[in-house]
Amino acid sequence: MKKYIIEKAKELKIDMIGFTDGNPLTTIKDYLEYRRLNNIETEFEEENILLRIDPKLTLETCKSIIVIALSYNVVFDEKSEIKYSGNLSKSSWGIDYHRVLKNKLEALIEEIKKITPFEYKYFVDTGPLVDRELAHKAGIGYYGKNCNIINEEYGSFIFIGYILTDLDIEPNEGLLESQCGVCEICLKACPDKALEEGYRLNAKKCISYHTQTKDMDLEIMKKIGNNIYGCDTCQNVCPKNKNIRFSIHDEFLPHVTKGVIDIEELLIMSNKQFKEKYGSMSGSWRGRNILRRNALIALENIKTSI
Ligand code: B12
């Protein structure tokens, strides 16, 4: 079964695949509670900690979890002619990754159904469980000090998706250990020192968080720079993202966005125009007004730095 699934995943151009059991993610429980007590969890996460760690609360019959990952480390170096351009994190360059990974998972599910009926539930990002922990357990990669899952061949610009199943599949053995060594480049580069120490992100200080949440104080406004959605600083500076394989998935190429946002255009766009131009990117999920707020702040930051 495992061999068959791996073969089918290759045919479907799924870059990485791993398997883990349906047992609770016990090692992460204390940390999730610590984050709650210290008010550093975000409103974008499942509130029920038990749901976050126990796969069987989502699929009662869960025995194995198939975890996949796709690289979005695309090659794109077209220069934009835009006068005031805002930064868009790579994760929001192309077509919404939720759609792209869900299509892959659905295709894989269809292949498995050809040889056996099975119970399943599948998720990308919006599921209750902690995706990175599943990916780590399934052998997709190791935790970097910037908290991202890093795969040795593809680096950290990878998205994660998973299928909870009632199938009996041999899990991957052992956990991949961090290869960060003494390197602390990401910690030093993080704009608001959200990476308070290695493997520890104060999510409430992360610039990516601020570009998505409603409230923003003056200090953050200065630190947000020209980021309109997300922040890639801790990944861009990471040595483990140098000399790695590029993404083969054209869906992640910024055909529409060119990897940037035209600030002046965004500020005058109607909601309809916004949806037409940016509706297919993952960063549009918070709606036009939050990105517009970021655009106004970015414009001010660009003008004061000239
Ligand atoms: C909420 C959320 C956010 C929040 C909070 C991020 C966070 N780190 O928690 C915000 C908005 C800030 C955010 C930002 C980003 N996100 Co986000 N996010 C999520 C979401 C929905 C939940 C994350 C979560 O559960 N956090 C809980 C805490 C406990 O996780 P953590 O801080 O990463 O801590 C981990 C490590 O510290 C490690 N750990 C803890 N202690 C120790 C000790 C040692 C010794 C070691 C080795 C490890 C270790 O275990 C923790 C659990 O994974 C997930 C999808 C999902 N449902 O899981 C996506 C997800 C984590 N995000 C993702 C992405 C792509 C991003 C961004 C790169 C987007 C961007 N460019 O702006 C940034 C990266 C920021 C960063 N450095 O983490 C990907 C990550 C893929 C990867 N390669 O790891 C995910 C998995 C979505 C997906 N399915 O692909 N995100």
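Every number here is computed from the coordinates shown, using simple stated rules; none is lab data. Computed from a predicted structure; not experimentally measured. Because the Cβ atoms are built from the backbone with ideal geometry, glycine has one as well, and the counts that use them run over all protein chains shown.
Data table
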read-out: Cβ crowding within 10 Å averaged over residues, with 148-156, 164-172, 33-41 ranked highest first; value: 148-156, 164-172, 33-41
read-out: Value of relative contact order over the chain, rounded to a whole percent, pairs C-alpha under 8 Å and six or more apart; value: 26 percent
read-out: Theoretical ellipticity at 222 nm over the chain - DSSP helices of four or more residues, -39500 (n - 2.57) apiece, nearest 500; value: -9000 deg cm²/dmol
read-out: Local electrostatic count, C231, Cβ distance below 12 Å [Lys/Arg +1, Asp/Glu -1]; value: +1
read-out: Environment charge of A295, counting only residues whose C-beta is closer than 15 Å and scoring Lys/Arg +1, Asp/Glu -1; value: +3
read-out: Gap separating the Cα centres of region 215-280 and region 171-199, nearest whole Å; value: 23 Å
read-out: Max mean-square fluctuation residue, GNM over the chain, Cα-Cα springs under 10 Å, options I115, I140, I185; value: I115
read-out: Within region 91-124, trypsin sites (Lys or Arg not before Pro) in DSSP loop having at most 12 other beta-carbon neighbours inside 10 Å; value: K114
read-out: Extension gain, E81 back to I244 (0.36 nm per residue minus Cα-Cα distance, nm); value: 55.8 nm
read-out: Calculated FRET value between T213 and E177, using beta carbons and R₀ = 45 Å, to 0.05; value: 0.85
read-out: Proxy reagent accessibility, fewest Cβ within 10 Å first, across Y31, Y209, Y229; value: Y31, Y209, Y229
read-out: Karplus-derived HN-Hα couplings along region 288-296 (A = 6.51, B = -1.76, C = 1.60, θ = phi - 60°), whole Hz, x at Gly and Pro; value: 5, 5, 5, 5, 5, 4, 4, 5, 4
read-out: Two-site FRET efficiency, T26 against S280, from Cβ-Cβ distance with R₀ of 41 Å, rounded to 0.05; value: 0.60
read-out: FRET efficiency for V256 and K303, using Cβ-Cβ distance with R0 set to 22 Å, rounded to 0.05; value: 0.25
read-out: Paramagnetic reach from K121 (point 7 Å along Cα→Cβ, amide N under 13 Å) across region 48-85; value: 48, 50-63
read-out: Max mean-square fluctuation residue, GNM over the chain, Cα-Cα springs under 10 Å, options S91, S282, S80; value: S80
read-out: Environment charge at K56 (Cβ cut-off 11 Å; Lys +1, Arg +1, Asp -1, Glu -1); value: -3
read-out: Orphan Cys of the chain, criterion: no other Cys C-beta under 4.7 Å; value: C62, C147, C180, C183, C190, C206, C231, C238
read-out: Cross-link table K145/K214; K2/K240; K2/K63; K56/K104; K214/K272; K102/K137, entries beyond 25 Å C-alpha to C-alpha; value: K145/K214; K2/K240
read-out: Three-way shape call for region 185-305 based on the alpha-carbon gyration tensor, with the a/c threshold at 1.5; value: oblate
read-out: Sorted by Cβ density within 10 Å, fewest first, the residues M1, M269; value: M1, M269
